[in-house]
Amino acid sequence: MMPQASEIAWLIPVFPLIGAVLSGLGLISINKKINSIREIVSISLISFVGISAVISYKALLEQINGYQTIEKLFVWASAGDFKIPMGFILDPLGSVMLALVSTITLLVMIYSHGYMAHDKGYVRFFTYLALFSSSMMGLIISPNLLEIYVFWELVGMCSYLLVGFWYDRDGAAHAAQKAFVVNRVGDFGLLLGILGLFWATNSFDFNEIASGISTSISDNSLPIWAGLLLCFLVFLGPMAKSAQFPLHVWLPDAMEGPTPISALIHAATMVAAGIFLVARLQPLYSIFPSIQLIVALVGTITCFLGASIALTQMDLKKGLAYSTVSQLGYMMLAMGCGAPVAGIFHLVTHACFKAMLFLGSGSVIHAMEEVVGHQPALAQDMRLMGGLRKKMPYTSTTFLVGCIAISGIPPLAGFWSKDEILGNAFISFPAFWFVGFLTAGMTAFYMFRLYFLTFEGDFRGDNKQLQKELLLASQINLDDEADAEHEELNGTLHESPWSMTFPLVFLAVPSLIIGFMGLPWDSKFASLLDPEEAKIAAEFFELNEFLPLAIASVVIASIGITIAYQAYFLKKINLSVLFAEKFPTVNKFLCNKWYLDDINEKLFVKGSRKLAKEVLEVDSKVVDGVVNLTGLITLGSGEGLKYFETGRAQFYALIVFGGVILLVAIFGFQSPQVT
């Protein structure tokens, strides 16, 4: 009899890990041989991930059909009464996340076959992808905070490797370092929080921690401020991983990595890990309304910040990156409103259409590179695009679907998930709802701005003067050789190969229809994750309450689209120039990304360097001075004593005789006088 998929869920992260280890060992030992059979290696790794996807979907179907949550543990380490359990857990939330991660990973790997076809690090790239997918899947099925932390760090390591994949480029190397450092700040807080919660409850289990903290506070054995501090420390991890203000600064720079990584890690999976962890910790956070307020506030600031900066971006991938920051803010807002189901639903819908948008941007960049060369400053700049719809019908159509979905236009997926979040925010924090409401209009505007600049109008990529100006503005020097290269690269725009367009078409389907799984009056998604909440929501659903908020959301999104249409399709107004002239301070503020990078540079980077110099001064003058003085004293005393070590017995006898005479004289002098 075949075992249930839920009972063998531990195999889901194991299969990609096996593939990653085998290909990694091959790269280390027989590098040339492995690279010569690159397609066989990639097909093998895709197959390993495919097996995990099959098990994930079978487990999801079992959970949908009412199969109970499975949790299997073993003692990993013990000392007396102290025990550390490890194992796996599969519940509805985990099964949904596994299906999502395995699907996106599989599609990205298929896409990468075309996108990375000519890259010399092709096999290494696929190895990193497999290792990342294994780490992410392991994180999802972790039954406690300690095991989650192990996989949390593995996911961070894979992110570092993939963002810095093209390590010979300064931009990629710096972006990887920035992502690593910023995430270490959050992870340090997470580690302190985990250890503090274990100290307070003697457990790493999610439910036991929540019940333990609640009991400790009720019997006054744990001060409320200590519980609040521990919750906030744990929240620092998701703040960094899910790019929440002010630890969001690493995500836009991470676009220096290959575009498939942007779709996999920075849109659908790794950045979702923080949202997933907050959802797992909802029983704990629900004890402290003030912590939920902080979570909601951080999410609100993040969603507005990301959208406002995206308004001014001309780099296609950077625009999508700030859009991701904004949408992650919406998810965190839902968590703070005590609506984890709404947050996870938006996570799922957003993963589908944002992964599609990133892969679509990669398809555009892939085509642009044949015209302007392998120069990100040119290939990703929307000022050199335009008119691509006629040349790239699959890419443009799927990109348009993604823009409509993320703008919240019914009946596409983004409308149902985002509107559910705004509805909960309206009930819990009306002020935060208003910010989210304005952000919805900004989202629709900047997404259609991206679409019109990229796919409509006339193609601007053959403008050599504009190319030089953009390179000069990006502080890249043009020499004669580079000019010659650009002259030779005047290729023609064309649609990407099937391996790149198939994932786009595939992801367009859930972007269109998956929203119907979360209808507020009959949410199948909520019924899976939280049947009681779904039942209550269905009973108390009022169309009169739903329609005004939904209509307002659609109206403001339509206003944003209309303004973008007038400015960037009909070109009736030069909105960029007009805004810069009327609001120069605001324009400069947004173009400089709220000056947050400058603040970090001055406060932390230069501040830490100054501190390091001061420490070096203390080390060289005080510490080294003490050590050197000790050495000089030892050297001087040694130099003096060596004259007494002659090796002659007569000399030693003389010293002994002199010493005796000296002792007699001392003791004789100290003897009392006889009167």
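The values are calculated or read from the model by the stated rules, or taken from the named source; none is laboratory data. Everything numeric in this text was worked out from a predicted model, so none of it was measured. Glycine gets a Cβ as well: all are built from the backbone with ideal geometry, and neighbour counts include every protein chain shown. Surface areas here come from the heavy atoms of the whole protein model, side chains and all, with no ligands, DNA or RNA. Shrake-Rupley method; radii C 1.70, N 1.55, O 1.52, S 1.80 Å.
When restricted to Cα atoms, the stretch 368-417 yields an Rg and a Dmax of 14.2, 41 Å, respectively. When the Cα atoms of the stretch 92-186 are aligned to their principal axes, the ranges along those axes come out at 40, 33, 15 Å in descending order. Along the axis of the charge dipole computed for the stretch 402-475 (Cβ charges of +1 for Lys and Arg, -1 for Asp and Glu, origin at the Cα centre), the listed residues I409, G423, G457 are led at the positive end by G457. Treating each Cα of the stretch 517-560 as one equal point scatterer and applying the Debye formula with no solvent, the log10 of I(q)/I(0) at q = 0.29 Å⁻¹ comes out as -0.91. With all protein chains in place and a 1.4 Å probe, the accessible surface of the chain carries 67 percent carbon and sulfur.
How big, in percent, is the set of alpha carbon pairs in the stretch 81-147 lying more than 19 Å apart? Beyond 19 Å sits 47 percent of the P(r) for the stretch 81-147.
If you model the chain as an ellipsoid using its alpha carbon gyration tensor, with each semi-axis the square root of five times an eigenvalue, the axes come out at 54, 35, 28 Å, biggest first.
Exposed loop sites here are trypsin sites (Lys or Arg not before Pro) assigned a DSSP state other than H, G, I, E or B and surrounded by at most 14 other beta carbons within 10 Å; excluding them, the longest clear run of the chain is 170-570.
If you rank W416, W10 by how much accessible surface each has, with a 1.4 Å probe, what is the order from largest down?
Numbers: W416 30, W10 120 Å².
Solvent-accessible surface, decreasing: W10, W416.
Kindly provide the Kirkwood hydrodynamic radius of the stretch 1-160 in Å, to one decimal, from all pairs of distinct alpha carbon atoms.
Mean inverse Cα-Cα distance, inverted, gives 16.5 Å.
Computed from Cα atoms, the angle from the helix 92-115 axis to the main principal axis of the chain rounds to 80 degrees. Its alpha carbons give the stretch 256-315 an Rg and a Dmax of 14.9, 44 Å. Computed about the Cα centre, the dipole magnitude for the stretch 68-221 is approximately 520 debye when only Lys and Arg (+1) and Asp and Glu (-1) carry charge, each at its Cβ.
What are the semi-axes of the equivalent ellipsoid of the stretch 354-442, taken as the square roots of 5 times the eigenvalues of the Cα gyration tensor, listed largest first and rounded to whole Å? Walk me through the intermediate numbers first.
Values: eigenvalues 231, 42, 17 Å².
Listed largest to smallest, the semi-axes of the stretch 354-442 are 34, 14, 9 Å.
Both numbers refer to the Cα atoms of the stretch 219-332; Rg and Dmax are 15.4, 57 Å. Computed with a 1.4 Å probe over protein heavy atoms only, the accessible area of H350 comes to about 0 Å². At a probe radius of 1.4 angstrom, the accessible area of the stretch 302-429 per residue rounds to 20 square angstrom. Contact order, relative form, for the chain: 11 percent (alpha carbon pairs under 8 Å, 6 or more residues apart, mean separation divided by residue count). Applying 0.36 nm per residue to the separation of I84 and T562 and subtracting their alpha-carbon distance, the gain on full extension is 166.3 nm.
Share of pairwise Cα-Cα distances greater than 23 Å in the stretch 523-623 is 67 percent (whole percent).
Label positions at F74 and L578, each projected 7 Å from the Cα along the C-beta direction, are separated by 6.7 nm. Among the protein heavy atoms, those of T585 account for about 110 Å² of accessible surface (1.4 Å probe, every chain in place).
Loop-located chymotrypsin sites (Phe, Trp or Tyr not before Pro) in the stretch 557-621 (DSSP state not H, G, I, E or B) with no more than 11 neighbouring Cβ atoms inside 10 Å do not occur.
When the charge dipole of the stretch 120-180 is built from unit charges on Cβ atoms (+1 for Lys and Arg, -1 for Asp and Glu) and taken about the Cα centre, the candidate among W152, Y167, Q177 whose Cα reaches farthest toward its positive end is Y167.
When the P(r) is computed for the stretch 200-272, the part past 14 Å accounts for 69% of the Cα-Cα pairs. Each principal axis of the Cα cloud of the stretch 487-547 was taken in turn, and the coordinate range along them, longest first, works out to 66, 25, 15 Å. Once the Cβ-Cβ distance of V660 and L635 is raised to the sixth power relative to R0 = 41 Å, the FRET efficiency obtained is 0.85.
Let me know the charge dipole size of the chain about its Cα centre in debye, to the nearest 20, where only the beta-carbon of Lys, Arg (+1) and Asp, Glu (-1) is charged.
Values: 40 positive and 52 negative charges, 108 e Å.
Once rounded to the nearest 20, the dipole reads 520 debye.
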